[in-house]
Amino acid sequence: MKFGKTFESHLTIEWRQQYMRYGDLKELIKQGVENAPSPLTSSDYEVQAYYKAFEETFLTECQSELTGVNNFFLEKLLEARRKHGHLKLQLLAYSREPGHTGSDSSLSQRAERSQKKVMTTRQLRYAYAEFYLSLVLIQNYQSLNETGFRKICKKYDKNMRSVAAGRWFAENVLDAPFTDVRLLQRMTIEVEDLYTTHLANGDRSLAMEKLRVPPLGEPTPPSMVFRAGIALGMLIMLLVATAISYWKRAPLEEHTPGLMRLFRGPFTWVIFNFYMAANVAGWQQAGVNHILIFEIDPRSHLQPATFLEIACTFGILWALSMLGFLYNDLIGVSDPYVFPLGLILIMVGLLVVPLPIMNWPARWWTIKLVGRVITAPLHYVGFADFWMGDQMNSLVSCIVDHYYTVRFYAISWLRYDRVNNCFEPDVMVPITMCLPGWFRFAQCLRRFRDSGSKSMSYLINAGKYSTTFLVVLFSTLRSNSEGGYANTFSNPYTWLFLSSCVVATVYCYLWDVIRDFGLFRIMRGERIFLRKQLVYPQAFYYFVIVENLVLRLFWAVEFTILYHNLMTPYNMRTISSILEITRRFIWNYVRLENEHLFNCGNFRATRDIHLAALNPRQERMLESMMDESDGVSNRRKSKERIRLGKEYF
């Protein structure tokens with residue numbers, strides 16, 4: 001692999017603009033070679049003058065890049081030193097905390113203190129793991145930039161047949177502030193020692209296991225890709241077999257409604273998992289750091305191949321269950337409805353049973369995230385929380401299907417009342433349809449509360465989700481009163497339903513493109529209706545603008561088709577639910593890209609672990625630590641030298 005590609009694949013994405021511009025300098029050299037006067041048609045003086053002027057231009061650009069790299073490195077180094085001092089004071093205060101075992105303490109007080117200490121320990125471990133990752137990223141920043149300057153200077157001397165760039169590199173880069181690794185190495189070793197002593201009970205191997213950072217740019221293991229490929233091949237064969245079997249051996253008419261309703265929910269979930277695999281692959285390909293955005297531990301995140309393997313596993317189970325339903329009499333099973341029940345139980349078991357398969361840490365993260373969504377008003381809401389809430393809003397049909405499944409097996413199936421009336425809506429259906437909207441509504445209210453009631457955007461966003469309640473309300477009233485009118489347009493609830501759908505569509509669409517996507521910031525020029533920074537090709541954003549509107553308006557197509565009896569309601573609902581998760585799949589790309597650009601603007605490359613604020617005494621101790629002479633000048637001089645970018649600690 002050429003160094004330019006290696007450089008791009010190993011840099012910290014959120015700091016991309018702060019690295020030396022290797023590609024631009026390489027292009028500058030190429031232009032210099034192409035524009036050089038020919039010795040055959042130009043005098044020696046003209047040739048020498050050109051190369052001298054180009055040398056000055058090139059070295060000026062290199063010096064400008066070097067100054068920028070030094071300034072950013074010194075800024076990050078100062079942040080790291082202060083963070084290191086803060087963590088050290090917190091750790092030492094925690095370690096010196098006296099025990100409480102006297103008779104003056106009640107059992108409940110001791111239990112409360114013990115629980116608080118466990119929480120503090122966990123928090124310190126998270127904080128040190130993230131801080132250690134930040135040190136690794138800074139070291140990687142040093143290494144990549146130094147290699148980049150060396151490579152570009154070597155390329156210049158080779159193409160221009162000169163030694164000027166090599167001399168400039170030796171005089172300016174080798175002694176530059178960002179190439180001094182001693183302070184970072186000492187800080188890294190001290191973090192490892194502190195973690196080992198105070199947070200790992202002296203077990204260094206355990207400490208390094210927790211602090212270990214996977215190699216940057218590490219490719220997906222071949223074994224993982226092989227497993228995913230095998231699972232995908234098996235799924236394709238089973239899906240073909242299922243389609244042929246359904247065509248050749250259609251189920252009895254009395255079983256068809258149950259078959260379709262019981263299998264649609266799991267099938268929608270399978271498609272959603274395939275979309276998630278594609279999302280993760282797309283984010284990685286585009287350089288969108290979803291690991292940081294979702295605040296996932298980079299030491300144990302899922303690769304796209306793992307998502308694909310999980311999706312294929314669920315798909316294989318679905319296909320086998322469907323084949324069992326169709327061939328139940330041939331395999332000696334009298335009741336075909338045991339197959340969808342087995343499918344649901346196995347899928348739920350694979351999700352919640354804490355076995356070391358299918359990446360239990362990731363499954364546990366998902367379970368906790370769903371739990372946080374359901375209990376939204378009770379705790380702080382982060383990006384991952386409301387992202388999951390939005391996914392659940394697109395899975396409303398899937399959730400309702402699973403409610404029908406639970407009701408069927410809990411009530412009708414036990415009484416051997418198969419399909420007749422057991423899939424008709426009841427009072428719980430509209431309530432179930434409103435639940436995802438309520439979760440996001442509650443999250444918005446909690447965000448508004450946590451903002452100190454200062455950000456009205458959270459209330460506006462809550463208003464968007466409240467339109468869900470109106471749509472479900474008028475849809476339910478319209479369905480229940482349909483038989484009392486000559487036609488559907490004589491029913492006043494039809495007009496209220498259509499009006500609520502129009503309001504919800506306009507409200508949600510405008511919020512999507514303006515707030516979630518951050519588009520329509522530029523109203524003229526080449527990037528009209530877009531924004532300044534783009535990660536994906538420009539045409540993709542125009543596609544998203546149109547696609548999001550078309551799929552949000554699909555309810556009008558559904559209403560028209562059902563009004564003219566062109567398709568059964570069940571089949572129409574199946575199509576609309578798949579289109580909705582497809583819209584969410586595309587939405588995920590742009591929504592996370594917009595959040596990624598926000599992180600880039602703040603140069604945020606690691607998770608923020610909030611610890612207790614330092615008291616005044618600890619603040620004075622931290623200031624003293626920052627001023628200590630340990631090969632580093634005092635803090636005041638450091639700040640001044642960061643501004644100048646010419647001297648080093």
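The values are calculated or read from the model by the stated rules, or taken from the named source; none is laboratory data. Treat the numbers as computed from the prediction; the structure is a model and nothing was measured. FYI the Cβ positions are ideal-geometry reconstructions off the backbone, even for glycines, and counts take in every protein chain you see. Accessible surface areas use protein heavy atoms only, side chains included; no ligands, DNA or RNA. Shrake-Rupley method; radii C 1.70, N 1.55, O 1.52, S 1.80 Å.
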Using θ = phi - 60° and the Karplus curve 6.51 cos²θ - 1.76 cosθ + 1.60, what whole-Hz ³J(HN,Hα) does each residue of the stretch 564-574 get, with Gly and Pro shown as x?
-> 8, 6, 7, 7, 5, x, 5, 5, 5, 5, 4
For the stretch 212-351, evaluate the Debye formula with one uniform point scatterer on each Cα (no solvent term) and list log10 I(q)/I(0) at q = 0.12 Å⁻¹, rounded to two decimals.
-> -0.58
5 Å binning of all Cα-Cα separations within the stretch 114-190, expressed as whole percents from 0 upward = 3, 14, 16, 14, 12, 10, 9, 6, 5, 4, 3, 2, 1, 1
Karplus (6.51, -1.76, 1.60) ³J(HN,Hα), θ = phi - 60°, over the stretch 261-275, in Hz, Gly and Pro reported as x | 6, 6, 9, 5, x, x, 5, 4, 5, 4, 4, 4, 5, 5, 4
With the 1.4 Å probe rolled over protein heavy atoms, the stretch 147-233 has an accessible area per residue in Å² of 57 Å²
For the residue pair Glu79 and Lys454, what label-to-label distance in nm results when each label sits 7 Å from Cα along the Cα-to-beta-carbon direction?
-> 2.1 nm
Share (percent) of C-alpha pair distances in the stretch 284-335 greater than 12 Å works out to 74 percent
Considering the zone a paramagnetic label at Glu547 would reach in this model (a point 7 Å from Cα along the Cα-to-Cβ line), which residues of the stretch 580-597 have amide N under 17 Å from it?
-> 580-594
Assuming R0 = 25 Å, what is the FRET efficiency of Thr6 and Gln139, from their Cβ-Cβ distance, to the nearest 0.05?
-> 0.95
Gain upon complete extension [Met428, Ser576; 0.36 nm per residue less C-alpha separation] | 51.2 nm
Looking at this model, which pairs from Lys2/Lys210; Lys2/Lys158; Lys368/Lys464; Lys5/Lys30 are more than 28 angstrom apart at the alpha-carbon?
-> Lys2/Lys210
Measure out, as a whole number of angstrom, how far apart the alpha-carbon centroids of the stretch 129-172 and the stretch 229-292 sit.
-> 48 Å
Using a 1.4 angstrom probe on heavy atoms only, work out the carbon and sulfur share of the accessible area of the stretch 403-553 in %.
-> 65 percent
State, as an integer percentage, the relative contact order of the stretch 127-263 based on alpha-carbon contacts under 8 Å between residues 6 or more apart.
-> 22 percent
With a 1.4 Å probe and all protein chains in place, put Val381, Val546 in order of accessible area, largest first.
-> Val546, Val381
With each pseudo-label sitting 7 Å past Cα toward Cβ, what's the Phe554-Val163 distance in nm, one decimal?
-> 6.9 nm
For Val33 and Val506 in one chain, what is 0.36 nm times their gap in residues minus the Cα-Cα distance, to one decimal in nm?
-> 164.7 nm
Label-point gap, in nm, between Arg212 and Ser479 - each point 7 angstrom along Cα→Cβ | 5.3 nm
In terms of solvent-accessible area of protein heavy atoms at a 1.4 angstrom probe, what is the ranking of Trp364, Trp15, highest value first?
-> Trp364, Trp15
With all protein chains present and a 1.4 Å probe, the order of Asp426, Asp516 from largest accessible area down is Asp426, Asp516
On the protein heavy atoms, probe 1.4 angstrom, tell me the percent of accessible surface of the stretch 303-401 carried by carbon and sulfur.
-> 76 percent
Net lengthening on full extension, Val352/Arg122 (0.36 nm per residue, minus Cα-Cα) = 80.5 nm
Write down, largest first, the equivalent ellipsoid semi-axes of the stretch 478-558 in whole Å, where each equals the square root of 5 times an eigenvalue of the alpha-carbon gyration tensor.
-> 38, 11, 9
Taking only protein heavy atoms into account and a 1.4 Å probe, give the accessible area per residue of the stretch 1-80 in Å².
-> 57 Å²
To the nearest 10 square angstrom, how much accessible area does Arg21 have with a 1.4 angstrom probe?
-> 90 Å²
